[in-house]
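> Here you go, one structure.
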Amino acid sequence: MQSKKKLLKVSKSIEIRRIDRHTYSDFVVQLAVELYLFTHCGFKKISGLIRYLNDVFGLELDRIPCANSIENWVKKMGYSIYHQIPNEFKEKEYAEIMDESMMLGSEKMLLTLGVEAEKKSNKALQHHEIKVLDISVAEKWNSETIKVKLSETEKEIGHQPLYVISDNDSKLCKSIRETGYIQIRDIGHTMAKCIEQVYGKDEDYKLYSKQLAEVKIREVMRSSSYLLPPRQRTMARFMNLSPVLKWSRQIDKNFSELSDEEAENFKFVKQHIVLIEELEQIFNCVNSILKKAKNQGFSKKSIHKYINEIQHNLTHDGARVKQVKLS
């Protein structure tokens, strides 16, 4: 009884403010949204939790919000966050991450994120460290319209970013350059471009890609469909070749166990084994560096480590590997 009295006293110290033209108080709305965010329960379960807290801890709530009300509050909070420039960047150095994120019907979304300019840990960026600075949608983005968004964000925060991270998209690069900001190109896209410059127009690679596409279509509803290669990205394919290379290795390793029909369908893999070995060594090296770079970041010390890793791991005698290594 004594502990319950203390809990009741605590609950009475909570300031309950009614929201204008709204049934519930700001306390109930905040409680519902935070329970949803931190427990990862469904909306119905959150409603039940509030009922339980009200009964056990004496919150003295007149009404318990239903699942639909809680869902609406969560959505409105998300919408509100995306329209508020975070205050923490007004007094400190920050960096922007900008990209054309996705297609919305016939329109494209330009996403601008903010993060502290100085890396403070040996871990990759966490979700809570990144803030949304702007979400804009248009039928077409060019360097001029992107420059407008960069200027608007700078005006909202009060000072320009220390640097801007983007991929190698020409209009993004041009807009960042003409605005006078320092650009840092995303390492994943940049290293993929180094590989694409060597292999993108290579006849062996083009033939292998064509045969991969053909076998996916030809065998999709047949008995050997369980052996089909994984799907690839439509754009920026050189950023996710690793699953295809892993599949190629498995086909080569287990080729003797395939039936005559299956062996006939996938014999092209054996014919490209040199290409596969080259790309496998390249992507093993690249993926290792990307993993370390996400956690360690860039500095003179870390960059020398990455270069030494390239020198040590890219040892294939092929001319194409040597070109990638130099790039």
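> I want to confirm something. Restricting to the stretch 74-131 and keeping residues that are of a type in the set (V, I, T) and modelled with pLDDT of 90 or more, which single residue is farthest from C173 (Cα to Cα)?
In this case the residue turns out to be V74.
> Please identify the pairs in which a residue from the stretch 76-94 that is in contact (Cβ under 8 Å) with a residue 12 or more places away in the chain has its Cβ atom under 8 Å from the Cβ atom of a residue that is assigned to a helix (DSSP H, G or I) and not small (G, A, S), counting only partners at least 6 apart or on another chain.
Going by the 8 Å Cβ cut-off, the qualifying pairs are M77/V33; I85/T153; I85/E156; I85/I157; F89/I157; K90/I157; Y94/I157.
> Need pairs with beta-carbon distance below 6 Å; first residue on the phi > 0 side of the Ramachandran plot and surrounded by 13 or more Cβ atoms within 10 Å (Cβ to Cβ) and within the stretch 30-58, second of a type in the set (G, A, S) and in a helix (DSSP H, G or I); sequence gap 6+ or separate chains.
Qualifying pairs under 6 Å: G58/S11.
> Go through the stretch 46-102 and give me each residue that's in contact with a Phe, Trp or Tyr (Cβ under 9 Å, 6 or more places away or on another chain) and either assigned to a helix (DSSP H, G or I) or of a type in the set (F, W, Y) (or both).
I46, A67, N68, S69, I70, E71, W73, V74, E88, listed by residue number.
> Consider only pairs whose beta carbons are under 6 Å apart and that are at least six residues apart or on different chains; among these, list those whose first residue lies in the stretch 311-327 and is surrounded by fewer than 17 Cβ atoms within 10 Å (Cβ to Cβ) and whose second residue is assigned to a helix (DSSP H, G or I) and among the hydrophobic types (A, V, I, L, M, F, W, C).
What qualifies is N313/C285; Q323/V198; S327/C194.
> Quick one: count up the residues across the stretch 215-247 that are outside any helix (DSSP H, G or I), more than 17 Å from I273 (Cα to Cα) and in contact with a Leu (Cβ under 8 Å, 6 or more places away or on another chain).
3
> Just to verify a result, which residue in the stretch 102-125, among those that are free of Cβ contacts under 8 Å to residues at least 24 places away in the same chain and farther than 19 Å from G297 by Cβ, is surrounded by the fewest Cβ atoms within 10 Å (Cβ to Cβ)?
Step by step, filter the stretch 102-125, then rank; the result is G105.
> Moving on to the next point. Does E278 satisfy the condition of being among the acidic types (D, E), surrounded by fewer than 12 Cβ atoms within 10 Å (Cβ to Cβ) and assigned by TED's automatic domain parsing to the domain that holds E219? First the steps, then the outcome.
On the way: among the acidic types (D, E): yes; surrounded by fewer than 12 Cβ atoms within 10 Å (Cβ to Cβ): no; assigned by TED's automatic domain parsing to the domain that holds E219: yes.
So E278 fails the test.
> Further, regarding this structure: For the stretch 109-126, how many residues meet the condition of being among the hydroxyl-bearing types (S, T, Y) and more than 19 Å from S151 (Cβ to Cβ)?
1
> Please work out which one of (1) under 19 Å from the mean Cα position of the chain (by Cα); (2) surrounded by 14 or more Cβ atoms within 10 Å (Cβ to Cβ) is the condition F89 fails and give its number.
Every condition holds for F89 apart from (1).
The values are calculated or read from the model by the stated rules, or taken from the named source; none is laboratory data. Being a predicted model, the structure only gives us computed values, none of them experimental. Glycine also receives a Cβ, built like all others from the backbone with ideal geometry; neighbour counts cover every protein chain displayed.
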